[in-house]
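Step one of this worksheet: look at the structure below.
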Amino acid sequence: MIEIARTRRTSRASASLFFERWCAIETHPEWAASMEYFKLSEPFGVGARGVLKAVGGQEAPFRITTVGPGFVYADTTELDGAELTVHHEAVEGLDGTEVTLCAWLDGPAEAQLATRMSDEVQHSLEHDLAALAALLEG
């Protein structure tokens, strides 16, 4: 497993608001400019499968891999030679909500994909978290 991206932000919005938006899969493109669509083919929950498409990319299968405990959500996308997991977590603190997004690759081609994808995924996570925080704080 290779971690390829991580970003953190403190927000005035509650952890539950972040969690609600993460779990509303098909609304992600409203704040995740890097994504064209997410479509679940079964009811939301751990193990639910669907397809997603990054802007300029190809459609890829994904599945929901974590929902809770707490305000935690993760999904895993199946790539050629590895899986990309994006983990989202929001924790209420004294100075606001601490929100962390991280992404990692796991599989035989993880090193090659990490070299190719790390910068783009880091940029996307930073931009997407900033956009979601702005939406929720507005």
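The values are calculated or read from the model by the stated rules, or taken from the named source; none is laboratory data. Small disclaimer: the values here were computed from a predicted structure and weren't measured. Please note: Cβ atoms are built from the backbone with ideal geometry, for glycine as well, and neighbour counts cover all protein chains shown. Areas reflect the complete protein model, heavy atoms only, side chains present, ligands, DNA and RNA absent. Shrake-Rupley method; radii C 1.70, N 1.55, O 1.52, S 1.80 Å.
Tell me the residue from Thr100, Thr76 that is at pLDDT 95 or above, of a type in the set (S, T, N, Q), open to solvent by 10 Å² or more (accessible area, probe 1.4 Å) and in contact with a Ser or Thr (Cβ under 9 Å, 6 or more places away or on another chain), please.
Values: Thr76 fails: open to solvent by 10 Å² or more (accessible area, probe 1.4 Å).
Matching residue, one of Thr100, Thr76: Thr100.
When Glu26 is evaluated against the numbered criteria (1) among the acidic types (Asp, Glu); (2) free of Cβ contacts under 8 Å to residues at least 60 places away in the same chain; (3) not in a helix (DSSP H, G or I), which criterion, by number, is the only one it fails?
(3)
Would you be able to tell me the number of residues in segment 45-73 that are open to solvent by 30 Å² or more (accessible area, probe 1.4 Å) and at pLDDT 95 or above?
Counting residues in segment 45-73 that are open to solvent by 30 Å² or more (accessible area, probe 1.4 Å) and at pLDDT 95 or above gives 12.
Would you say Asp80 is of a type in the set (Asp, Glu) and in contact with a Leu (Cβ under 8 Å, 6 or more places away or on another chain)?
Working: of a type in the set (Asp, Glu): yes; in contact with a Leu (Cβ under 8 Å, 6 or more places away or on another chain): no.
Considered against the rule, which asks whether it is of a type in the set (Asp, Glu) and in contact with a Leu (Cβ under 8 Å, 6 or more places away or on another chain), Asp80 comes out as no.
Just give me the residues in segment 7-28 being surrounded by 18 or more Cβ atoms within 10 Å (Cβ to Cβ) and modelled with pLDDT of 95 or more, in sequence order.
From segment 7-28, those surrounded by 18 or more Cβ atoms within 10 Å (Cβ to Cβ) are 7, 11, 13, 15, 17-19, 21-22, 25, 28; that's our starting set.
Answer for segment 7-28, where residues must be surrounded by 18 or more Cβ atoms within 10 Å (Cβ to Cβ) and modelled with pLDDT of 95 or more: Thr7, Ser11, Ala13, Ala15, Leu17, Phe18, Phe19, Arg21, Trp22.
Given the structure, is Val86 open to solvent by 20 Å² or more (accessible area, probe 1.4 Å) and over 22 Å from Ala130 (Cα atoms)? If you could, list the steps in order and put the result at the bottom.
Working: open to solvent by 20 Å² or more (accessible area, probe 1.4 Å): yes; over 22 Å from Ala130 (Cα atoms): no.
Criteria not met by Val86.
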